Every structure is written in C-alpha cells, then in structure tokens.
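Here is the structure we will look at, set down as structure tokens.
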Amino acid sequence: MKFTISRESLLKPLQLVAGVVERRQTLPVLSNILLVVEGNQLSMTGTDLEVEMVGRIELEQPAEPGSITVPAKKLMDICKSLPDHVDIELTLTGQKVTIKGGRSRFTLSTLPATEFPNVEDGPQNLEISIAQGALKHLIDRTAFAMAQQDVRYYLNGMLLELNGAQLRTVATDGHRLATSVTAVDAESVDKLQVIVPRKGILELARLLQDGEQNASLVIGSNHIRVNTPDYTFTSKLVDGKFPDYERVIPQGGDKILIADRQELRQVLSRIAILSNEKYRGVRLGLTDGFLQVTANNPEQEEAEETLAVDYQNISMEIGFNVNYLLDALSILSEEMVKISMIDPNSSALVQAVDSGNSLYVIMPMRM
C-alpha cells in the first residue's frame, strides 16, 4: 500500500474521522483508524463501536492498493505539524507505515485491518433525502438542550421524529426543552421516533455542510446512517422511550413579552454577572411596556436594568436560570423574540416572532 496526498486534502477528513476515536480504549485497535486504498480513492474509518465515521478522498496521483490501521492521534498530530501545502507520502512496509512530508520522516506501528471492527448493519426501516444545511440547522437549534450524563440515559441524546413529511428534532435535560422542525421530501409515513446518542449528534453536526447539497438519512431499527458525497456516518440508537414532548410545550400563555432579541440578550448577560454562581437565577418583573431584570447573590451584591418591551398585561414577576434564557436567545437568529407565559409557576415558551419552526420551553425558578 502506498499513496501521496496533499496535507490540506488529508487534514479535514482526518480530523473528523479521528474525532470519533476515544483516547482510552479496551481494544488497542479502537485507538487506530482504518486506511483503505482502492483504485484512486482513500477511505478512512474511525469508530468507538457506538459511532462510526468513514471519510473518502479522491487521490490525484497513482496509488498502490491495500489496507492497514494506524494510531489516530499520532497520525493527526504528524499531519498538523507538517508545513502547509506539503505533499504527504504514506508507504506500508511489513508491519510499519512510513510517512514522509518535506524533510520529515516518521515510522508508525500498525495493526492489521482484519482486526478493525465494523458497526454492524441492521435492517433499515426508512430512507429520506434532506439538504445538509437543513439537517445541520435542526441539530444546531436543539443540541444545546441535550442532557449530559443524566441517569435518565434516554435524555443524553436527541429525538429525531419523522411524521408525515416533517422531520423534527427534540432535546431536553429535564429543565428546558428545545425543538425544531423542517419539511422533508418523504413519503407520508406514520410517526417514527429514534433517539441518537449525544456523541453521535455532535459528530454528525461537525461533518454536515451548510447549503443545499443533499444527504441521505437512513433510519434502521437500531442504527441511523447519514451518507454525504464525502462521508458515511453511522451511529447506534439509544434504546429507550423519550418523554412526550408535546405535553411539555405550554399552551395558551397569554402574558406575552415581545423584545429585540439582541438587546434582551445583552441585558441578561450584564445582569447575570451578579447572579448566584451556583443557581444562576434572574428575576423578570413585567409591567405595562417595561421589563425589569434583577439579580443578587450571597455576597449581597445586586444588579438591575430596565428595558422597554412590548408587553400589555397584568404586572408579574417570574424567575429563570439566566443560562437557559441566554442559550435560547443565542441560538435564535431572528430579530424579534416572543416569550409567552401563563403564571410565575408555569414553564415559559420562547420563540421568534415571525417563525414557529423552533420552540424553547424553560421551567421557572423559585427565587
């Protein structure tokens, strides 16, 4: 096996594939990535047995076919350290791989390709085509609300729901919920729900490009696979039942606050400086046409600021974790934001004024 490739062509796919590989592994081969040369194509595969990423690169120079696994981190560190625009030559001799770039030469130990595991294919239920940018947008708008290491393991991931010709993503950590929806070109199907683990979602978001280039989304009984022209991503699914998100979304909130998103975000960021570092609580005081944001902390320090807003209802005070509000306001891109509330003890609904595609539910705090 032997091939030559420019550093720039190799680096990005290598970073994506190596990102899946875990540092600490029980099986030594899982610290490696699989390199396969067939014809004029190099494919690289990394896996942790839950998530698998395959990157494909067209080689511009003639190559000798073959397959081998090499240490992922060392290969990536070597490629990063080489000068820009250098050609990298990789040659397999016996059980060693030699990498040459410029005046540098490295020899790496290898493990046989036959030892490399394959994320097994299950039967597939459904395949749809979706623009990469649309899928990336769905993930970006909801991923921040996924739980991390929650004992309710089904919250440590994202729900993908296909219902009719709509694809929806939902994430929650039990204190807030984020959901976003887009239309897809699919046969009208009965509601299908799968939970993709947190690591799978984060790796998938890294490989998707903004724009109209299509990706194929294949949903199986225990796997999800996304194919793009340059990558194939596969992840096992979480075996569990996701909470009924529709019951969580508050209906009929008549206390409606409309504000400039960036202005509100800046006010909350300033007031948050003096909030309790542990609980991060801020109090929103609503009166006709105005919002007063206040915070204090155990050191008896206080912050308050008043903002002119569109609010015409009874006066009300409600407390929130400021980080949850800021996360939602940071993810939205529209100019004006609407916060609908029922009373100080009920969850609030945050969304853009002119688009209902993305919704954020935030539980109140007692203050």
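Structural remarks
- Cross-chain or 6+ apart pairs with Cβ under 8 Å, the stretch 136-148 first and in contact (Cβ under 8 Å) with a residue 40 or more places away in the chain, then part of a loop (DSSP other than H, G, I, E, B) and open to solvent by 50 Å² or more (accessible area, probe 1.4 Å): K136/Q209; K136/D210
- Identity of the residue in the stretch 279-291, out of contact with any helix residue (DSSP H, G or I) (no Cβ under 7 Å at 6 or more places or on another chain) and among the hydrophobic types (A, V, I, L, M, F, W, C), that ends up surrounded by the fewest Cβ atoms within 10 Å (Cβ to Cβ): F290
- Note on the stretch 322-367: among residues that are polar (S, T, N, Q) and within 15 Å of T172 (Cα to Cα), the one that is most open to solvent (accessible area, probe 1.4 Å) is N323.
- Considering (1) free of Cβ contacts under 8 Å to residues at least 24 places away in the same chain; (2) out of contact with any Asp or Glu (no Cβ under 6 Å at 6 or more places or on another chain), the lone condition that M158 does not fulfil carries the number (1).
Here's the yes/no breakdown for (1) closer than 20 Å to D343 by Cβ; (2) surrounded by fewer than 16 Cβ atoms within 10 Å (Cβ to Cβ); (3) in contact with a helix residue (DSSP H, G or I) (Cβ under 8 Å, 6 or more places away or on another chain):
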residue	(1), (2), (3)
R261	no, no, yes
E277	no, yes, no
V293	yes, no, yes
A308	no, yes, no
E317	yes, yes, no
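- Members of the stretch 224-250 that are over 30 Å from Y311 (Cβ atoms), open to solvent by 20 Å² or more (accessible area, probe 1.4 Å), in a loop (DSSP other than H, G, I, E, B) and in contact with a strand residue (DSSP E or B) (Cβ under 9 Å, 6 or more places away or on another chain): P229, D230, L237, V238, D239, G240, K241, P243
- Strands (runs of 3 or more DSSP E) wholly inside the stretch 114-188 containing at least 3 residues that are within 16 Å of the chain's Cα centre (by Cα): 157-164, 166-172, 176-183
Conditions (1) without any contact (Cβ under 8 Å) to a residue 12 or more places away in the chain; (2) hydroxyl-bearing (S, T, Y); (3) touching a Leu at 6+ places or on another chain (Cβ under 6 Å); (4) open to solvent by 10 Å² or more (accessible area, probe 1.4 Å), marked per residue:
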site: D150; (1), (2), (3), (4): no, no, no, yes
site: L167; (1), (2), (3), (4): no, no, no, no
site: R176; (1), (2), (3), (4): no, no, no, yes
site: A183; (1), (2), (3), (4): no, no, no, yes
site: I201; (1), (2), (3), (4): no, no, no, no
site: D210; (1), (2), (3), (4): no, no, no, yes
site: N214; (1), (2), (3), (4): no, no, no, yes
site: L217; (1), (2), (3), (4): no, no, no, no
site: N222; (1), (2), (3), (4): no, no, yes, yes
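The values are calculated or read from the model by the stated rules, or taken from the named source; none is laboratory data. All figures in this text were calculated on a predicted structure; none of them were measured in a lab. Cβ coordinates were reconstructed from backbone atoms using ideal geometry, including for glycine residues, and neighbour counts include every protein chain displayed. Note: accessible area is taken over every heavy atom of the protein model, side chains too, but ligands, DNA and RNA are not part of it. Shrake-Rupley method; radii C 1.70, N 1.55, O 1.52, S 1.80 Å.
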